[in-house]
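Report on one structure; see the data block that follows.
Since every read-out is calculated from the coordinates, none of them should be taken as a lab result. Just so it is clear, the model here is predicted, and its values are computed rather than measured. Heads up, the Cβs are rebuilt from the backbone with ideal geometry, glycines too, and the neighbour counts pull from every protein chain shown.
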Amino acid sequence: MSEIKIAVLVSGGGTNMQAIINEIEKGNINGRIEIVISSNEKAFALERAAKYGIEGIYIGKNNYSDVHKRTEAILEILEKKEIQLIVLAGYMSILESSFIEKYKNRIINIHPALIPSFCGKGYYGQKVHQAVLDYGAKVSGATVHFVDEGTDTGPVILQEAVEVKDDDTVETLAARVLEAEHRLLPKAVKLFCEGKLVVEGRKVRILTNK
């Protein structure tokens, strides 16, 4: 099976992207990151990409103020690179419905909670962990899901639970959830690249005999 061509969309430090790169370097993922697209001109993720010889590009509000033009610019690059899988690794911009439809069940996202809890509009970054602590939840975690037109509403691929400790702060909980993210996202990418993910309505079936 030929390598799957991957695009990673980022906005920040890119630690989840780094986790994928690490597994690709080890030969554990039958894929190759062809392009890293950042919505933040100064995202450290672009430096990470450059370190591995991966092309990185900034497409954001400063050089594409119109969201439709921005979408068109990203789509043009993805088509040129013949991208088969798009990974949102801390990407903080909204994707238009036309974009999502074109790459239906080929866009995956990582969320720092157990969907459907603590997700949706307004739940991102540290706000997620603060909400978990404020609620008094005993368990949080990470979720990898396919992206649809809603916010964190696409079919769930993988989840991992993380205990919420009595003395947790936003920072300590976030750190442990991030460790789970770093395990889950590369695993989901690996399964996709091996053709082992089958979407059936809201459910994602993971093939074990392929």
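If you take every DSSP beta bridge fully contained in the chain, what fraction is antiparallel? Give it as a percent rounded to 5.
45
On a 0 to 90 degree scale, rounded to 10, what angle separates helix 170-193 from the longest Cα axis of the chain?
Compared with the principal axis, the helix lies near 40 degrees.
To the nearest 10 degrees, how steep is helix 126-135 against the longest Cα principal axis of the chain, on a 0 to 90 scale?
It works out to around 20 degrees.
Please work out whether segment 1-103 counts as rounded, prolate or oblate from its C-alpha gyration tensor, where a ≥ b ≥ c are the square roots of the eigenvalues and a/c under 1.5 means rounded, while otherwise a/b larger than b/c means prolate and anything else oblate?
Because a/c hits 1.5 or more and a/b fails to exceed b/c, segment 1-103 counts as oblate.
Considering only the other residues whose Cβ falls under 11 Å of the Cβ of Ile24, what net charge follows from Lys and Arg at +1 and Asp and Glu at -1?
Result for the local shell: 0.
Taking only Cα atoms, what is the 0 to 90° angle, nearest 10, from helix 67-80's long axis to the longest principal axis of the chain?
70
Compute the length gained on full extension between Thr169 and Asn209: take 0.36 nm times their separation in residues and subtract their Cα-Cα distance, giving the result in nm to one decimal.
Roughly 10.2 nm would be gained on extension.
Pairs of alpha-carbon atoms within less than 8 angstrom and 6+ residues apart define the contacts here; what relative contact order does the chain have, in percent?
Relative contact order, the chain: 20 percent.
Subtract the Cα-Cα distance of Ala50 and Glu179 from 0.36 nm times their separation in residues, and report this length gain in nm to one decimal.
Details: separation 129, 0.36 × 129 = 46.44 nm, distance 2.36 nm.
Working it through step by step, the gained length comes to 44.1 nm.
Of Ile74, Ile6, Ala50, which is farthest towards the positive pole of the chain's charge dipole, taken about the Cα centre with +1 and -1 on the beta-carbons of Lys, Arg and Asp, Glu respectively?
Farthest towards the positive pole: Ile6.
In what order do Ile94, Ile110 fall by count of nearby beta-carbon atoms within 10 Å, going from fewest to most? Write down the numbers at each step before the final one.
Details: Ile94 11, Ile110 24.
With the fewest neighbours first, Ile94, Ile110 line up as Ile94, Ile110.
Set the Förster distance to 35 Å, then compute FRET efficiency between Ala161 and Glu79 from the Cβ-Cβ distance, nearest 0.05.
Computed FRET efficiency for Ala161 and Glu79: 0.35.
Identify all aspartates and glutamates with a Cα-Cα distance to Lys190 below 13 Å; exclude those on the same chain that are fewer than 8 residues away in sequence.
By straight Cα distance, Lys190 reaches Glu3, Glu23, Glu25.
Assuming R0 = 22 Å, can you tell me the calculated FRET efficiency for the pair Lys127 and Asn63, based on Cβ-Cβ distance, to the nearest 0.05?
0.20
Give me the lysines in straight-line cross-link reach of Lys127: C-alpha distance below 26 Å, same-chain residues under 8 apart excluded.
Lys42, Lys61, Lys138, Lys165, Lys187
Amide H neighbours of Tyr58 under 5 Å, at least 5 residues apart or on other chains, H built in the peptide plane: list them.
Ser38
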